[in-house]
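Below: one structure, written as structure tokens.
The values are calculated or read from the model by the stated rules, or taken from the named source; none is laboratory data. These numbers were taken from a predicted model, which means no experiment stands behind them. Neighbour counts are summed over all protein chains in view; Cβ atoms, including those assigned to glycine, are modelled from backbone coordinates with ideal geometry.
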Amino acid sequence: MVSFLIFLITATGLLVSSSHARIFTFELHHRFSDPVKKLAAQRTGGVSFPVDNWPAKGSLDYYTQLAGHDRFLHGRRLAKSDGKLTFADGNSTFRISSLGFLHYATVTLGTPGMKFLVALDTGSDLFWVPCDCGNCTSTDDSTLYNSDFALSIYNLNGSSTSKKVTCSNSFCYHRNNCLGTFSHCPYSVSYLSSETSTSGILVEDILHLKTDDNEEDFVQAYVVFGCGQVQTGSFLDVAAPNGLFGLGFEKISVPSILSQEGYIADSFSMCFGHDGVGRINFGDKGSLDQEETPFNLNPLHSPRYNVSVAQIRVGTNIIDSEFAALFDTGTSFTYLEDPPYTKLTESFHSQIQDPQYALDPRIPFEYCYEMSPNSSTSLVPTMSLTMKGGGHLVIYDPIIVMSMQSQLIYCLAVLKSQDYNIIGQNFMTGYRFVFDREKATLGWKKFDCYDIEKASMSLNKTSVQPAVAVGNGTAIESDGKNNFAQKSFAFPVYQMPIFGLIYSCLVFLVLLV
């Protein structure tokens, strides 16, 4: 139905001699008034908006159309303020050990809808899925990932709502590689992971979403994403074999598109549960009592979710070492450069009472320890970060526990970096993080990520099992150390062989080629 302006301009400006300013006056007409009806007939010939069906004043249809128009306008205002959306298949996210320990969610694309299990990555911008593949992960052998999950391949011709993005589109960053203005826009993204990349063409199609409330209204939003025709490196064997969902700042990311189109406020949240189950919500601005720290936005570079750490506390030691770090959900563990890395690890090591485990080339972590036969005597120092602005972030999962044949060991899940400081998923456990792009702040609050009953149903549906828990009980705080086996939260145990663990130490910080 064609919409018409509810007023007509009937007078031009009157000159006020004292200030040489023009005063414009307008004659306003009701949406269903005779002047607007006359204009509608003139502009459309009464075809697009039949004047014969013009609702009679005071009729049910008259008020229905007015109320519908008001709901539409009010709905867009609500979307800008506190409306929240999530994926049509639900807002559950899952950490999957066989897929690089990253968090994944199910998204539905196209018409008819096709499901993809995509990794969620705040360190990159582009959303891409395997499509018209020249070099993608094989769909024949899904045992490496999950026996109940079949990898999907997007088909441009299989969706009635798909459209290739042309080189004239503002989302086309690689116009220099175009053959002409109306040719298909190519893309190519390389990641810091060794020889890991994706390339193909950009596509526009429907992403199926729903409101995060009791009514669960479904929304079909057109988004631009990558038709990933060629994948290399880790995308072929362990990480994001069915696509990567970039959540970055750039205008091509899905949060940016949804905000620009008025569906949501320019913010989203992710929650990371202790058992690997989490949540994602678009448009979530968090709560008034959350802690916050500003993003470090450099006008000379593309914006990232980069924050400043002012201080590190390890047990009884306070380390004054200010540094900037990227908050990246696409990195499983935390990476630090020197001097923060050495200061943190040496402080941690000095407070451990268990014998250090011999270096093993299969284990990427430098500081590992043998768990005492009586695990209740294994003590791990508490750890927290003080962020710029004074907010405190207690690290609930600083270690990772591994089963080495007949022995349990635990490692400080922090790796040494040569290039970037990156706060990975293991430091995000137990919180809801709010990436508020409008305020340019990162918010966080200790949070129970899910309703037990709903999460159990989702886990059974996807056959993704939570990590094995070690102990459950009360934390010991008096001497600055926690009883490892009696923490009130669970540590995951990983079985050998651990080659997948090495692959999980991959950085998905995007570099546009």
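Okay, residues lined up against (1) of a type outside the set (Asp, Glu); (2) farther than 18 Å from Lys84 by Cα; (3) assigned to a loop (DSSP other than H, G, I, E, B):
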| position | (1), (2), (3) |
| --- | --- |
| Phe235 | yes, yes, no |
| Lys251 | yes, yes, yes |
| Ser259 | yes, no, no |
| Ile264 | yes, no, yes |
| Ser269 | yes, no, no |
| Asn281 | yes, no, no |
| Ser287 | yes, no, yes |
| Asn296 | yes, yes, yes |
| Val309 | yes, yes, no |
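Looking at (1) surrounded by fewer than 22 Cβ atoms within 10 Å (Cβ to Cβ); (2) closer than 29 Å to Cys167 by Cβ, which is the only condition Glu215 fails?
(2)
Quickly run through the stretch 171-192 and pick out the residues that are of a type in the set (Phe, Trp, Tyr) and at pLDDT 75 or above. Spell out the reasoning first.
At the first step, the residues of the stretch 171-192 found to be of a type in the set (Phe, Trp, Tyr) are 171, 173, 182, 187, 191.
Listed by number, the residues that qualify are Phe171, Tyr173, Tyr187, Tyr191.
Please specify each residue of the stretch 93-112 satisfying the condition of being surrounded by fewer than 23 Cβ atoms within 10 Å (Cβ to Cβ) and within 15 Å of Leu209 (Cβ to Cβ). Please lay out each step first, then the result.
First, the residues of the stretch 93-112 that are surrounded by fewer than 23 Cβ atoms within 10 Å (Cβ to Cβ): 96-98, 105-106, 108, 110-112.
Ala105, Thr106, Thr108, Gly110, Thr111, listed by residue number.
Pick from the stretch 402-435 the residues that are among the small types (Gly, Ala, Ser) and modelled with pLDDT under 90: which of them is nearest to Phe282 (Cα to Cα)? Break it down stepwise before answering.
If we filter the stretch 402-435 for residues that are among the small types (Gly, Ala, Ser), which is where we start, we get 403, 406, 413, 417, 424, 430.
Those still in the list that are modelled with pLDDT under 90 too: 403, 406.
On the way: Ser403: 38, Ser406: 44 Å.
Here the residue is Ser403.
Does Leu144 satisfy the condition of being crowded, with 24+ Cβ neighbours inside 10 Å, closer than 30 Å to Thr334 by Cα and modelled with pLDDT under 80? Reasoning before the result, please.
Working: crowded, with 24+ Cβ neighbours inside 10 Å: no; closer than 30 Å to Thr334 by Cα: yes; modelled with pLDDT under 80: yes.
No: the conditions fail for Leu144.
Just to be sure, is Phe245 aromatic (Phe, Trp, Tyr), part of a loop (DSSP other than H, G, I, E, B) and not assigned by TED's automatic domain parsing to the domain that holds Asp436? If you could, list the steps in order and put the result at the bottom.
Working: aromatic (Phe, Trp, Tyr): yes; part of a loop (DSSP other than H, G, I, E, B): no; not assigned by TED's automatic domain parsing to the domain that holds Asp436: yes.
No, not satisfied.
Search the stretch 300-323 for residues being loosely packed, with under 14 Cβ neighbours inside 10 Å and either closer than 30 Å to Leu247 by Cβ or of a type in the set (Gly, Ala, Ser) (or both), and hand back the single one that is modelled with the lowest pLDDT. Walk me through how you get there before you give the answer.
Within the stretch 300-323, the subset loosely packed, with under 14 Cβ neighbours inside 10 Å is 300-302, 316, 318, 320, 322.
Filter again for either closer than 30 Å to Leu247 by Cβ or of a type in the set (Gly, Ala, Ser) (or both), leaving 300-302, 322.
Working: Leu300: 71, His301: 75, Ser302: 75, Glu322: 91.
This residue is Leu300.
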